[in-house]
Structure formats: C-alpha cells, structure tokens
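**Q** This is the structure I want to talk about, given as structure tokens.
The values are calculated or read from the model by the stated rules, or taken from the named source; none is laboratory data. Because the structure is a prediction, the values reported are computed rather than measured. Because the Cβ atoms are built from the backbone with ideal geometry, glycine has one as well, and the counts that use them run over all protein chains shown.
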Amino acid sequence: MSISSIAVLGTGANGASIGADLIDAGLDPVFIEQWPAHVEAMRAEGLRVHTPSGTRHVHPRVLHLCEVATLRERFDLVLLVTKAYDARWASALIEPYLADDGAIAAVQNGMTTQTVADVVGPDRCVGTVIEISSTMTEPGIVHRHVDPERSWFAVDATAPRGPDVADVLSHAGEVARVDDIGSAKWMKLVSNASVLVPTAALGLPMVDAIRVPGMRELMLDAGREALRVAGEHRVLPIFGLTEASIAESDDVVDTMLDVLYSRFTVPGATTTVLQDWGKGRRSEVDDINGAVVAAGRRLGIPTPVNDAIVAVGHAIERGEFEPSLAALDRMRPA
C-alpha cells in the first residue's frame, strides 16, 4: 500500500508528538483536533515540541473536528490518538474519509482494537500499543519527556495494513511487529493498571509516587490481578523486553515495572490520568483498571485492588476529594 495521505485524529500531547515526527520525516499529516485553542495556536504559531534533545517547531495542516465534514480527500492511514473512550465515535467520524484500502491505527491505551474494527471493519483496523511520555498544558506547546529513540510501539503485523503502519510509526519510536496484538495490548494494560490511576490518585509524578512507602506493593498487586484475569491472552514481552527475559523473570509485573521506570519515566512526569484530572476532564480509569475488573467478573476471579482503584478514580472525578497521599489507604482493599 502506498501511503500518500495521513491524518492524526487527536493531537494532544502524544498525537501532536507523533505528528511532528512524521512532519520531520518528510510526511504531510493532517492534524484533526477538538480543542479549539490548540487548533488556533497551531495555525497561528505552529507546534512546538520540547524534547530532551531540543525543541522542534513544525507547521502542520490543522482541522477542527467541526471542519472534518469539509474534507474532500480520503486518507490512506489515520492514526487514532484519542482517549480510549472516544474510539467509537471518532472512528465513525473519520470513516467516510478513509480510503477503501485505507486503515485506522488505534494508537491508544485500553483494548480499543475491536471497537475500531466494529466501525470500519477488521481489514481496515490495525491494533497498536503506545508508550510515549509527554504532557501539554498550553495550546500549541508539547513537552515530550523522551526522545523518539526512547519511545516504543507494537503493531499488529498480521493486519493487512500492519506493515505500513509500522513503517510510519517507526519515525516516532522503536516499533515491534507482533503477531498477537491482543496479548500485547493486554500486557500494556497490566502495566497501565499498575501505574496510571494509582500514581495519579496520589497527585504525584510517577517517580515520586512509587517511592511512597507501600505504594510499589499496591502497584504490583494491581498489575498481578490484571495478569491473572488475562484469559486467553498470552504473556508477551513489551517495552523492548525479550522472550528470554520474560521466561527468566520470577515476577513479570515487577520486571515490566522496572523497565517502564528505567526507560520511559523521568522526574516530574505525570500520567495522562493526572493530567486529565488537573484539567477537570474524565480519565480512562474505566478503560484501564475498569477493564481488569470487568474481565475478573466475566471469569469469576476477584480483583479487589483494581475494584478499589476504580472506586477511588470515580470518587475523584465526582469531586468528592482531591488526589493526595490519603488515596493510598483508599486503594487498599477493605
């Protein structure tokens, strides 16, 4: 498949970072974004991505969601980098502008591959796993905590357009081409269940949160529950781990946590969940720890730690209390 027309649907911190990488590689992606101020800032001043190696300044083509209906071109590839809970409507929005032999790559947290496939068809959906650390608090400016060489993706190599997606994403990070994307995504869910909501609930950057006495143990317990309810999903190496390193590990969750913190986590970096809460937004708690709880219920396997984490996340989003160290006791099962 020749990739001549690309859209990045959802250009928050991660989507904008990836889009900037594609522009630097000589591609010409269309940015499609729902935050009006961000759209206008990129149109007026371009996009600045601050990375450890320096600042990049690019000038993307940008559309607001309400302008999608004016499109006349059709896209060979759409990188869907929205929140997991937005996957269905966002796929439906862009489907009329997807080429007949095009594909949507679900570059998201959560188990969204089937959701996207339900909208556009399995032959036009490519599951992926993403590991990038970045934040955006003001329009038009992204702080990416790791350079592309320390970013990581997994792509479904068995999908008809999988190789093309892998080639495109290789401009933004290391890409693993896998033959079981469902299992790879579940392993990322194990990692996310350990880190994203639990550390956010404390209101701390990831590096600081894990140092709180008792926190690492809670994080590991949440991940171990997720691994126990994996069902048909296999234990696969992610984050650049190898089959041998997984086989030799006495505790896969502990090994993944160490790799995540050593390779992808930097001082001061907060999770996307804490960023959402700081902006008064709904988080992906139901797509992460909530997915673990739902799987446990289907299989009849208790998930008390993830149950408690979901309850804390919902309470924070209802405004009942703010993220703080007091949340640690709330996340411990009764």
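The rows are residues; the columns are (1) farther than 25 Å from GLY182 by Cα; (2) without any contact (Cβ under 8 Å) to a residue 60 or more places away in the chain.
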residue: GLN34; (1), (2): yes, yes
residue: HIS38; (1), (2): yes, no
residue: GLU67; (1), (2): yes, yes
residue: ASP118; (1), (2): no, yes
residue: SER133; (1), (2): no, no
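**Q** I'm checking my understanding of the structure. Among residues of segment 262-309 that are among the β-branched types (Val, Ile, Thr) and in contact with a Gly (Cβ under 7 Å, 6 or more places away or on another chain), which one is farthest from GLY12 (Cα to Cα)? Show your work before the answer.
**A** Of all residues in segment 262-309, those among the β-branched types (Val, Ile, Thr) come to 265-266, 270-273, 285, 288, 292-293, 301, 303, 305, 309.
Filter once more, keeping what is in contact with a Gly (Cβ under 7 Å, 6 or more places away or on another chain): 285, 288, 303.
Details: VAL285: 18, ILE288: 19, THR303: 32 Å.
Taking the candidates together, the pick is THR303.
**Q** To continue, here is another question. Within segment 51-82, track down each residue that is on the phi > 0 side of the Ramachandran plot and β-branched (Val, Ile, Thr).
**A** First pass over segment 51-82, keeping only residues on the phi > 0 side of the Ramachandran plot: 54.
None; the set is empty.
**Q** Is it true that some residue in segment 232-244 is assigned to a helix (DSSP H, G or I), more than 16 Å from HIS145 (Cβ to Cβ) and at pLDDT below 95? Let's see the steps before the verdict.
**A** Kept after step one, since they are assigned to a helix (DSSP H, G or I), are these residues of segment 232-244: 243-244.
Okay, now just the ones that are also more than 16 Å from HIS145 (Cβ to Cβ), so 243-244.
If we keep only those that are at pLDDT below 95 too, we end up with 243-244.
Yes.
**Q** If you take the residues in segment 64-92 that are among the polar types (S, T, N, Q) and part of a helix (DSSP H, G or I), which one is surrounded by the most Cβ atoms within 10 Å (Cβ to Cβ)? Spell out how you get there, then give the answer.
**A** Within segment 64-92, the subset among the polar types (S, T, N, Q) is 70, 82, 91.
Restricting the remaining residues to those that are part of a helix (DSSP H, G or I) gives 70, 91.
On the way: THR70: 7, SER91: 25.
For segment 64-92, the residue satisfying everything is SER91.
**Q** Then there is this: Return the residues of segment 2-39 that are surrounded by fewer than 24 Cβ atoms within 10 Å (Cβ to Cβ) and of a type in the set (Val, Ile, Thr); say none if nothing qualifies.
**A** Answer for segment 2-39, where residues must be surrounded by fewer than 24 Cβ atoms within 10 Å (Cβ to Cβ) and of a type in the set (Val, Ile, Thr): ILE3, ILE6, ILE23, VAL30, VAL39.
Residues are listed down the side, and each one gets a yes or a no for (1) buried (at least 18 other Cβ atoms within 10 Å of the Cβ); (2) free of Cβ contacts under 8 Å to residues at least 24 places away in the same chain; (3) over 19 Å from the mean Cα position of the chain (by Cα):
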{"site": "ILE288", "(1), (2), (3)": "yes, no, no"}
{"site": "ALA295", "(1), (2), (3)": "yes, no, yes"}
{"site": "VAL310", "(1), (2), (3)": "yes, no, no"}
{"site": "GLY313", "(1), (2), (3)": "yes, no, no"}
{"site": "GLU317", "(1), (2), (3)": "no, no, yes"}
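**Q** Considering only residues of segment 95-126 that are of a type in the set (A, V, I, L, M) and part of a helix (DSSP H, G or I), which is surrounded by the most Cβ atoms within 10 Å (Cβ to Cβ)?
**A** Residues of segment 95-126 that are of a type in the set (A, V, I, L, M), as a first pass: 98-99, 103-107, 111, 116-117, 119-120, 126.
Now narrow it down to the ones that are part of a helix (DSSP H, G or I): 116-117, 119-120.
Values: VAL116: 27, ALA117: 19, VAL119: 19, VAL120: 19.
Among residues in segment 95-126 that are of a type in the set (A, V, I, L, M) and part of a helix (DSSP H, G or I), the one surrounded by the most Cβ atoms within 10 Å (Cβ to Cβ) is VAL116.
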